[in-house]
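What follows is a set of notes on a single structure, which appears directly below.
The values are calculated or read from the model by the stated rules, or taken from the named source; none is laboratory data. Model, not experiment: these values are computed from the prediction. Every residue, glycine as well, gets a Cβ built from its backbone with ideal geometry; the counts of neighbours run over all protein chains shown.
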């Protein structure tokens, strides 16, 4: 199973992206929560409240998820990256596989 981490400008954007990914069956589940972010942009340190999506999908779906997110995302360079969940309960892993294309 793969967890895809995506930052967004606000809750509405996070829900829009998550809903789209769920409708397309690219992910099985999305968790959304607020975070405080600090980063370099335009040669200055920025501080923002953003919303993160943790999307669960099968390993082979990363490129499809990334493409779909980039089509919908407001940011010039959205943070989209993933990591493999090595230890996942079989029932949950089976459910993720069943719910995604």
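Before moving on, here are some points about what is shown:
- Search result, residues across the stretch 5-22 that are within 15 Å of residue 71 (Cβ to Cβ) and outside any helix (DSSP H, G or I): 6, 8
- Between 43, 67, the distinction of being under 26 Å from residue 101 (Cα atoms), out of contact with any strand residue (DSSP E or B) (no Cβ under 8 Å at 6 or more places or on another chain) and at pLDDT 95 or above belongs to 67 only.
- Any hit, the stretch 28-38, residues being assigned to a loop (DSSP other than H, G, I, E, B), touching a residue at least 40 places away in the same chain (Cβ under 8 Å), crowded, with 18+ Cβ neighbours inside 10 Å and within 11 Å of the chain's Cα centre (by Cα): no
- Selection count, the stretch 39-88, where residues are assigned to a strand (DSSP E or B) and within 24 Å of residue 12 (Cβ to Cβ): 17
- Tally, over the stretch 1-27, of residues that are buried (at least 17 other Cβ atoms within 10 Å of the Cβ), farther than 22 Å from residue 91 by Cα and within 11 Å of the chain's Cα centre (by Cα): 6
- Condition check for residue 101: touching a helix residue (DSSP H, G or I) at 6+ places or on another chain (Cβ under 8 Å) and surrounded by fewer than 16 Cβ atoms within 10 Å (Cβ to Cβ): yes
- Of all residues in the stretch 52-78, those that are farther than 19 Å from residue 31 by Cβ have Cβ atoms under 7 Å from Cβ atoms of residues that are outside any loop (DSSP other than H, G, I, E, B), 6 or more apart or on another chain, in 74/13.
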